[in-house]
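The values are calculated or read from the model by the stated rules, or taken from the named source; none is laboratory data. Bear in mind the structure is a predicted one, so any value in this text is a computation, not a measurement. Heads up, the Cβs are rebuilt from the backbone with ideal geometry, glycines too, and the neighbour counts pull from every protein chain shown.
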Amino acid sequence: MPDPDAFALQLYAAVLDGRSIASAVMPLARRLGTSTHAVHLMRFAHGAPRDSRSEGSPNTAPEVMAEYGRFWIRHDPWAQAAAQAPDGVLNMARVVAPDLFRLTPIWNEWASPRDGAFHCMAALVHAPGGIVGGLAFHRSVRADPFARTEEEMLRPYYAAMRRALVAEARLAAAGWEQVRALRAGFAALRQGVMLLDRHRRMIVTNPALEMMVAEDDGLTFVPDGGLSSFDPQARQAFARGVGTAILALDGKVKMMPDAAGLTLPRRSGGAPWLVQVLPLRGLEALGMPEGFTGVMVLVTDDEQRPRPRAPLLRQAFGLTAAEGALAAALAAGKTVAEHAQARRIAAATARSQLAAIRRKTGCRHQAELTALLARLTG
């Protein structure tokens, strides 16, 4: 086994240098005869696993660990046991019987098809901020389970692992502050927002979208795909849009617009929901899980969409005050005649202002101008 003091120095150097703790424990993992190992910084809500910053050993793909941290941790009995266990070394077989673990969805749907972890021994620590840190050592179902002698072999290294996990948890807390800021920003938007991972599972929704769905006017949440419509054609169009965005992430779509636009009808027959689907390539700077790629869905309620106001239109197109007022009226659905009557100006004056607006915006026809104004919000 590695010298505990030398092991501690390697682990602390990895933390200070911003290198992988998972790589630093490779010598110890080899001596324990593991198939894989991982570092987890887990958060909990009401006692249940919520999410995790997870980093695997070099033979584990980053997207596998990202998927675990976003989704599968919520279905992991080992994570639940970690929240309730005291600090120290724990053989998970003592708290989650292997025969029961074999029946769980995380084993049957996620770990078993990849020949993943079946036996687990972990060094656990309850860190500041409610984070539970864990350095987990795994063996496959074909290997022997961890024995008490191997638990004792790991104990001399626990103090160093505990300090490293606490330090990592404190660093991760800043990233989770970014996540909270990101969600607060989404919450302030009038547009509905949904983030899907590349497997079409919902990661984030904002209150605006939740209110749209609550109206029961044509939109519903679904586990696979995030959003659905009562109309089969619209449902298929949305699924194609999301699928195309996912293909664009892998470079399999040569021509992909910045945002695929479509509409989803309302049951009430009102103006349809306006939907944009955008591929996302990495959001680490915004505090999303490391390596995150997925799809952003934006939903606009056209009936509630704020129309552009005169000051914005004046600034955007260099309009005069009178021209800006007419452009704002057109954006609100009024006719030139209605605007002239409301402003108590001659119809000829309003038509002259309209001609000036078309010239400054580059729109040859009023229909083009109407379409341009419809794309703007106040």
Of residues in the range 52-69 being of a type in the set (Gly, Ala, Ser) and not in a strand (DSSP E or B), the one farthest from Val95 (Cα to Cα): Ala61
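Check the range 313-322 and report whether any residue there is assigned to a loop (DSSP other than H, G, I, E, B) and either at pLDDT below 90 or under 23 Å from Glu67 (Cα atoms) (or both).
Residues of the range 313-322 that are assigned to a loop (DSSP other than H, G, I, E, B), as a first pass: 318-320.
Right, trim to either at pLDDT below 90 or under 23 Å from Glu67 (Cα atoms) (or both) and you get none.
No.
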Checking Phe44 against (1) farther than 15 Å from Ala164 by Cα; (2) modelled with pLDDT under 85, the condition it does not meet: (2)
Where Ala127 falls short, out of the listed (1) buried (at least 17 other Cβ atoms within 10 Å of the Cβ); (2) hydrophobic (A, V, I, L, M, F, W, C); (3) without any contact (Cβ under 8 Å) to a residue 60 or more places away in the chain: (3)
Test for Ile131: is it modelled with pLDDT under 90, under 23 Å from Leu154 (Cβ atoms) and aliphatic (A, V, I, L, M): yes
Candidates Thr263, Thr205, Thr293, Thr220, filtered to the one that is at pLDDT 90 or above, touching a helix residue (DSSP H, G or I) at 6+ places or on another chain (Cβ under 9 Å) and either over 23 Å from Ser52 (Cβ atoms) or polar (S, T, N, Q) (or both): Thr220
Unique match (being at pLDDT 90 or above and surrounded by 14 or more Cβ atoms within 10 Å (Cβ to Cβ)) among Ala340, Ala348, Ala331: Ala340
Top-ranked residue of the range 202-255 - restricted to ones that are in a strand (DSSP E or B) and hydroxyl-bearing (Ser, Thr, Tyr), ranked as surrounded by the fewest Cβ atoms within 10 Å (Cβ to Cβ): Thr220
